[in-house]
Amino acid sequence: MPRLLAIDTSTEACSVALYDGVHMREQSVDAPREHVQRILPMIDAVLAENAWTLRDLDAIAFARGPGSFTGLRICLGVVQGLAYGANLPVLPVSTLAAIAQTAVDSQSMASGNYLCSAIDARMDEIYCGWFRVGDDGLVIAVNEESVCKPEAMPLIDIAETQIWHGVGTGWRYGERLPQLANAATVDANLLPRASAVARLAIIEWNRGVRLSAHDAQPVYLRNEVAWVKDPRWAMPDN
């Protein structure tokens, strides 16, 4: 199994984790507007707890969005800087998938359950995507992620007897979301954790995904948003 550092600052949560396929060490804090100040000390702390350095890692995983524009820029800058300096590949993981996986891990959801993961995208819109819990306990995307008005949330064909859950801050729109009453549970305060990013990144590693630091990009879903490197975290140009 690879040794991974996972980083997520794509929402209000700031979270880092170390994972070797068996053992997980994690620090996570709900700290809106404090990601820049907190993320590097948190990374140093989890590495020190495990007596690892960046050179002991095989890759860096990160939540690639959708999510907060500022949070994604911070995350990409940190990931690119660390990966470039240590000559490590990077593994992008969907933030919506990480929210769904966080719910599965924290609530022990059964195989075959479905989750609709949604993030408040501001501007009266949500980011959303549907996932199914696989036999291995890891979530699998079942539709394309999208950005839309709450009333236009995509629905998938689920049997009336099938259990599904609503997770993520997008569910704060409440009654504006279609079929809200049909969800088994709704957790509108759930934020992603880096431990979920790490667990899902193992899937990407096993698929042979190895992106260079230079090729790491955020996913905004809004086409008009351009990726501009934050000069505080930009890695040198080749």
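The values are calculated or read from the model by the stated rules, or taken from the named source; none is laboratory data. Bear in mind that the values here come from a model prediction, so they are computed numbers and not experimental data. Virtual Cβ from ideal backbone geometry, glycine too; neighbours counted across all protein chains shown.
Residues in the stretch 156-198 that are buried (at least 17 other Cβ atoms within 10 Å of the Cβ), among the charged types (D, E, K, R) and in contact with a helix residue (DSSP H, G or I) (Cβ under 6 Å, 6 or more places away or on another chain): Arg193 alone.
Can you tell me which residue among Gly65, Gly21, Gly85 is on the phi > 0 side of the Ramachandran plot and surrounded by fewer than 17 Cβ atoms within 10 Å (Cβ to Cβ)? Result: Gly21 is the single residue among Gly65, Gly21, Gly85 that is on the phi > 0 side of the Ramachandran plot and surrounded by fewer than 17 Cβ atoms within 10 Å (Cβ to Cβ).
Taken together, Ala45, Ala61, Ala110 contain a single residue that is aliphatic (A, V, I, L, M), within 18 Å of Ile140 (Cβ to Cβ) and outside the structural domain of Thr161 (by TED's automatic domain parsing), which is Ala61. Looking at Asp105, Asp120, just one residue is surrounded by fewer than 24 Cβ atoms within 10 Å (Cβ to Cβ), within 19 Å of Cys148 (Cβ to Cβ) and among the acidic types (Asp, Glu), and that residue is Asp120.
Note on the stretch 17-62: residues that are touching a Leu at 6+ places or on another chain (Cβ under 8 Å) and either hydrophobic (A, V, I, L, M, F, W, C) or assigned to a loop (DSSP other than H, G, I, E, B) (or both) amount to 17.
Being free of Cβ contacts under 8 Å to residues at least 12 places away in the same chain and over 30 Å from Arg122 (Cβ atoms) is the filter here; which residues of the stretch 41-79 pass it? Once the filter is applied, which keeps residues that are free of Cβ contacts under 8 Å to residues at least 12 places away in the same chain and over 30 Å from Arg122 (Cβ atoms), the stretch 41-79 yields Asp44, Ala48, Ala51, Thr53. In the stretch 53-68, how many are hydroxyl-bearing (Ser, Thr, Tyr) and either under 19 Å from the mean Cα position of the chain (by Cα) or within 16 Å of Ser212 (Cβ to Cβ) (or both)? Matching residues across the stretch 53-68 total 1. Scan the stretch 80-100 for residues that are free of Cβ contacts under 8 Å to residues at least 60 places away in the same chain and in contact with a helix residue (DSSP H, G or I) (Cβ under 6 Å, 6 or more places away or on another chain) and the total you get is 1.
The set of residues from the stretch 205-214 being surrounded by fewer than 20 Cβ atoms within 10 Å (Cβ to Cβ), on the phi < 0 side of the Ramachandran plot and either out of contact with any strand residue (DSSP E or B) (no Cβ under 8 Å at 6 or more places or on another chain) or not polar (S, T, N, Q) (or both) comprises Trp205, Asn206, Arg207, Val209, Arg210, Leu211, His214.
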